[in-house]
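The values are calculated or read from the model by the stated rules, or taken from the named source; none is laboratory data. The model shown is predicted, which means the values in this text are computed figures rather than measured ones. Cβ coordinates were reconstructed from backbone atoms using ideal geometry, including for glycine residues, and neighbour counts include every protein chain displayed.
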Amino acid sequence: MKLTISQKKGVPISEGMIGLFFEDINYGADGGLYAEMIENRSFEFLDCYGDKGDYYVKHDCGYGWQAAEGDNTSKGDLKCRMEYVMGSPVDRNNPHYLRFTALEEGQGFANQAYGGVYLQEGKQYKVSFYARTAAYEGNVRVLVRKEKEVCAEACVTLYHAPEEEGQMWRRYETDLKAQRDVKAGEFVILLENKGTVEFDFISMMPADAVAGIFRRDLFEALKELNPGFIRFPGGCIIEGNTLENRYRWKESVGRPESRRGNFNRWAVHETSSENGWHTLYSHYNQTLGLGYYEYFLLCELIGAKPLPVLNVGLACQYQSYELVSMEDPGFGEFVQDALDLIEFANGSADTVWGGLRAQMGHPEPFGLTMIGVGNEQWQTQKVDFFERYQVFEKAIHEKYPGMKLIGSAGPDVLTGRYEKAWDFYRKAAKENPDFCYAVDEHYYVKPEWFYEHMDFYDAYSRDVKVFSGEYAAHPLNGMNRPDANTLAGALAEAAFLTGVERNADVVVLASYAPLFARLGYAQWSPDMIWFDEERVYPSPSYYVQKLYSENTGTVTVPMAGQEKALAGERIYANVSLDEGKGEYILKVVNPDREEKELWLCGETGQALGGKALLHVLTGDGPRPEQELAKGSAGERLLPENSSIKTKEITLEGKLTLEPQSFSVVRIKPEAC
C-alpha cells in the first residue's frame with residue numbers, strides 16, 4: 001500500500017487534546033494515588049449494602065483495626081478493650097474515635113493497611129496521630145513488624161496534663177525508617193504501660209510522597225503521559241448512588257481532619273440477592289484526603305488543565321431514582337456549588353472561597369477554564385437534564401462568561417438518548433455559540449467497533465465540539481481482570497484515535513477510562529494503569545496514550561480519503577504536522593499477525609527518503625510473574641506486557657510495519 005503525504009495544512013489540533021480522566025474507582029484514590037497507608041484512619045468507615053433505590057450503610061468504625069500483642073503477650077492472652085466512641089472528637093465532622101484500654105503493659109492495636117504495609121529498606125515514613133491520655137502516663141511504641149520481627153520503630157512520649165488543666169487532644173508526629181524491605185507488614189501502636197488512651201486520625205505516609213500527598217510512582221506514571229488536562233474526580237461518584245452519597249466538593253477542602261468521610265459508589269457495584277446485596281468491596285470508602293484542592297494541585301504539578309465535574313441535582317441514573325426537583329429550593333445549592341467552585345479555583349485571596357484556597361497554601365489562582373455540568377446524564381420523561389443544564393449555563397456565564405462548559409451525551413453513542421442530546425446542544429448553539437464548548441461522549445466497546453468506526457467523526461457538524469471523555473476497548477471485562485488489558489485492545493484504540501486526531505476541528509479533548517486499578521481491588525476492567533503496594537504495571541493502552549500525547553502535532557495534514565483505502569487493507573493511519581519542530585508525524589496501526597509494508601511518497605510522487613525517528617509499540621509477551629494467580633477462567637495477575645522501542649531510521653520510500661504494532665514516525669519536511 002502507498003501513502004502520499006501532502007504539504008497542505010488541515011485544521012489546528014487543540015493543544016493538550018489527549019488528557020486523563022481520574023475516577024475514584026478500583027481504589028484509585030484511597031489505597032492508590034493518595035499516599036496514605038493506613039486504612040480507616042479516623043474510625044469512620046461505613047459498610048455498604050443495597051441495590052437500585054434501596055441502599056443503606058452501617059457504621060463499622062473498627063474496620064481494618066484489631067488488637068495486637070506486645071513483646072510479652074500473645075493473641076490468646078490479650079486483655080484489652082477497643083471501643084469506638086463519640087463524645088468530644090478531634091472534629092465534629094468525623095465524630096468517632098478509638099478509646100483503647102491496656103489492662104497489661106505492652107498491649108496495643110494494629111491496622112491491616114490494604115492487605116499489609118509495604119516498606120523499602122532505608123526509606124523514611126511519616127507517622128502522625130491525635131491522642132488524648134484519658135488515664136495514662138508514659139510512652140507509646142509505633143512500629144511496623146513482620147512475623148514479630150520489628151522492621152521500623154519509634155517511641156513517642158504522650159503528654160499527660162495536670163488534673164486542673166484537663167486532658168486535650170494533641171497531635172503527635174514521628175518518623176519511621178525501614179530497616180529492611182517488608183511486604184504485608186503490620187502497623188502497630190503499643191502502650192508501654194497500663195491505662196486508657198484515645199486515638200484519632202492515625203496516618204502513615206511515605207516521606208517521598210509528592211507534595212506530601214501523592215504516591216510517587218503513580219504520580220510519575222501520570223506525569224510521563226504529558227496529559228493536556230485531567231478530568232476529576234469522576235465519574236459516577238459525582239452523582240452518588242443516593243444524593244446523600246454524592247460527592248460534595250466543599251466537604252473535600254479545608255483541613256483533612258474536617259473532611260466528612262463518605263462511602264464510595266463502587267462499594268455496591270454488582271450487588272445481588274446471591275451475595276446478600278453485599279460485596280467484597282463493601283468497605284470501599286472515601287476519606288477525601290484527596291479532595292478538590294489536591295486535584296487542582298495535581299493538575300498544576302503535572303502541567304495539565306483542570307476539568308472538574310459537578311452534580312446537577314441527580315443521583316446516578318443507572319443506580320438510583322433520586323433527584324432534587326428544580327422547583328425545590330435545595331436545587332439552588334447545586335448551582336451555587338458550581339459558582340463557588342470557580343471562585344475557589346480562580347478567585348482572589350480576599351474572596352470567601354479564594355481565601356480558603358489561599359489559607360490551604362495556594363494564594364495564586366489555579367487558572368480554571370473548563371467545568372463539567374453533570375457526569376453521564378441523559379434526558380427522560382422524569383429526568384429534566386436539558387433544563388438543568390440551561391439553568392447552570394445561564395448562572396455560570398452571567399458571572400463567568402469565559403468559562404467553557406462541558407455537556408453530556410449520556411452513557412453511550414449507540415442509542416436515541418445520544419441523538420436527542422446532540423439535537424439539544426446543536427439547536428441551542430445556533431442562538432448562543434458559547435452555550436456548550438464540548439459534549440462528553442462515552443464508549444466502552446469491543447475492539448472491532450473501533451476499527452469499524454474510525455470515520456465516526458467525519459460527518460459530525462462542527463458547530464459544537466466533542467470531548468471523547470471515556471473510551472476503552474473491551475476484549476473482555478469484569479472485576480479484577482487485568483488480562484482484559486491486551487495489546488489487541490490497545491491497537492484498536494490507537495486505530496480509532498487516528499480518526500479522532502484527523503477530526504481535530506470537532507474533537508478537542510480525549511481521555512481513556514478508567515485510569516487506575518489496584519490489583520485485587522478492582523470493580524471494573526480493563527484499566528490503563530494497574531498497581532499494587534509495591535509496583536506500577538502500565539497496560540498497552542498506557543503506551544498508546546503516551547505516544548499520542550507526545551506526538552500530537554499542531555495541525556492535521558489532509559489525507560484525501562487515503563485513510564479509507566488503507567483501512568480496507570487493515571492499515572490505520574493519520575498524518576499531522578508539528579509546526580514548531582518542523583516535523584510530519586505519521587501514526588499507523590497494523591493489527592494483524594503478519595508484517596506489512598507501507599510505501600511513503602511526497603505530493604510529486606517521489607519516494608520519501610532521509611532520516612526519521614521511529615517509535616514502535618509492540619507486545620513483549622507475558623511477564624514472568626503473570627503465571628501466578630490463575631483462576632478457573634485463566635486470569636493472569638497482570639495486564640499484557642508491552643513496550644515502546646525507539647530508533648532512528650533511514651527512509652528509502654518503504655516503512656516496514658511490525659506485526660501487531662502501533663508505529664509513530666517523525667519525518668523532517670525536506671523528506672516530503
Query raised in the report: In region 216-265, how many are assigned to a helix (DSSP H, G or I) and not acidic (Asp, Glu)?
Result: 15
Report task. Would you tally the residues in region 450-471 being in a loop (DSSP other than H, G, I, E, B) and closer than 27 Å to ASN590 by Cα? Result -> 8
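Please return the ranges of strands (runs of 3 or more DSSP E) entirely within region 1-81 where 3 or more residues are touching a His at 6+ places or on another chain (Cβ under 8 Å). Walk me through how you get there before you give the answer.
Details: elements: 2-4, 18-21, 46-51, 54-59, 65-68.
Because the criterion is at least 3 residues that are touching a His at 6+ places or on another chain (Cβ under 8 Å), the strands (runs of 3 or more DSSP E) in region 1-81 that meet it are 46-51.
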Report task. Please work out if SER525 is free of Cβ contacts under 8 Å to residues at least 60 places away in the same chain and not aliphatic (A, V, I, L, M). Result -> yes
**Report entry** Residue among VAL352, VAL335 that alone is of a type in the set (A, V, I, L, M, F, W, C) and surrounded by fewer than 17 Cβ atoms within 10 Å (Cβ to Cβ)
**Finding:** VAL352
Requested in this report: Only one of these is within 20 Å of TYR97 (Cβ to Cβ), surrounded by 18 or more Cβ atoms within 10 Å (Cβ to Cβ) and of a type in the set (Lys, Arg): ARG145, ARG132. Name it.
Outcome: ARG132
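Could you list, in sequence order, the residues of region 598-630 that are of a type in the set (Lys, Arg) and either modelled with pLDDT of 70 or more or more than 26 Å from ALA517 (Cβ to Cβ) (or both)?
LYS611
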Query - Leading residue by the ranking (surrounded by the fewest Cβ atoms within 10 Å (Cβ to Cβ)) among those in region 355-372 that are more than 14 Å from LEU297 (Cα to Cα) and of a type in the set (Gly, Ala, Ser) - result: GLY355
Query raised in the report: VAL57 versus (1) in contact with a strand residue (DSSP E or B) (Cβ under 6 Å, 6 or more places away or on another chain); (2) buried (at least 23 other Cβ atoms within 10 Å of the Cβ); (3) farther than 30 Å from ASP505 by Cα: which is the lone unmet condition?
Result: (2)
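Here is a yes/no grid of residues against (1) touching a Gly at 6+ places or on another chain (Cβ under 7 Å); (2) surrounded by 20 or more Cβ atoms within 10 Å (Cβ to Cβ); (3) aliphatic (A, V, I, L, M):
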{"site": "ALA473", "(1), (2), (3)": "yes, yes, yes"}
{"site": "ARG481", "(1), (2), (3)": "no, yes, no"}
{"site": "ALA488", "(1), (2), (3)": "no, no, yes"}
{"site": "ALA494", "(1), (2), (3)": "no, yes, yes"}
{"site": "SER511", "(1), (2), (3)": "yes, yes, no"}
{"site": "ALA522", "(1), (2), (3)": "no, yes, yes"}
{"site": "ARG535", "(1), (2), (3)": "no, no, no"}
{"site": "PRO538", "(1), (2), (3)": "no, yes, no"}
{"site": "ALA565", "(1), (2), (3)": "no, no, yes"}
Requested in this report: For MET168, state whether it is loosely packed, with under 15 Cβ neighbours inside 10 Å, touching a Pro at 6+ places or on another chain (Cβ under 8 Å) and not aromatic (Phe, Trp, Tyr).
Outcome: no
Report summary line: (1) surrounded by 14 or more Cβ atoms within 10 Å (Cβ to Cβ); (2) within 30 Å of the chain's Cα centre (by Cα) all hold for GLY122 apart from (1)
Report task. State whether the residues of region 631-643 include one that is within 23 Å of VAL500 (Cβ to Cβ) and at pLDDT 95 or above. Result -> no
Requested in this report: Would you check if GLN545 is surrounded by 15 or more Cβ atoms within 10 Å (Cβ to Cβ) and within 22 Å of LEU613 (Cα to Cα)?
Outcome: yes
Query raised in the report: Of all residues in region 266-281, which are in a loop (DSSP other than H, G, I, E, B) and of a type in the set (Gly, Ala, Ser)?
Result: SER272, SER273, GLY276
Requested in this report: Could you please let me know if ALA304 is farther than 26 Å from MET370 by Cα and at pLDDT 95 or above?
Outcome: no
**Report entry** Lone qualifier among SER282, SER273 - being surrounded by fewer than 21 Cβ atoms within 10 Å (Cβ to Cβ), at pLDDT 95 or above and among the hydroxyl-bearing types (Ser, Thr, Tyr)
**Finding:** SER273
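Name the one entry in PHE467, PHE424 that is in contact with a strand residue (DSSP E or B) (Cβ under 7 Å, 6 or more places away or on another chain) and closer than 30 Å to ASP340 by Cβ.
PHE467
Residue-by-condition table, conditions (1) of a type outside the set (A, V, I, L, M, F, W, C); (2) closer than 20 Å to GLU239 by Cβ:
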site: PRO329; (1), (2): yes, no
site: ALA345; (1), (2): no, no
site: THR351; (1), (2): yes, no
site: PRO365; (1), (2): yes, no
site: GLN381; (1), (2): yes, yes
site: GLU387; (1), (2): yes, yes
Query raised in the report: For THR351, which of the numbered conditions (1) touching an Asp or Glu at 6+ places or on another chain (Cβ under 7 Å); (2) closer than 21 Å to GLU244 by Cα; (3) not hydrophobic (A, V, I, L, M, F, W, C) fails to hold?
Result: (2)
Report task. Test LYS52 against the stated conditions and say whether it is out of contact with any Lys or Arg (no Cβ under 6 Å at 6 or more places or on another chain), at pLDDT 95 or above and not hydrophobic (A, V, I, L, M, F, W, C). Result -> no
Query raised in the report: Are there any helices (runs of 4 or more DSSP H) wholly within region 331-449 with 1 or more residues that are in contact (Cβ under 8 Å) with a residue 60 or more places away in the chain and under 25 Å from LYS250 (Cα atoms), and if so which?
Result: 331-346, 352-359, 385-399
Requested in this report: Give the residues of region 367-417 that are of a type in the set (Val, Ile, Thr) and touching a Gly at 6+ places or on another chain (Cβ under 9 Å), sorted by residue number.
Outcome: THR369, VAL373, ILE406
Report summary line: Matching residues in region 98-108 (closer than 16 Å to VAL150 by Cβ and part of a strand (DSSP E or B)) number 1
Query raised in the report: Residues in region 299-307: is at least one closer than 30 Å to GLU220 by Cα, in contact (Cβ under 8 Å) with a residue 60 or more places away in the chain and part of a loop (DSSP other than H, G, I, E, B)?
Result: yes
Query - Qualifying positions in region 9-54 - of a type in the set (D, E, K, R) and surrounded by fewer than 19 Cβ atoms within 10 Å (Cβ to Cβ) - result: LYS9, GLU15, ASP47, ASP51, LYS52, ASP54
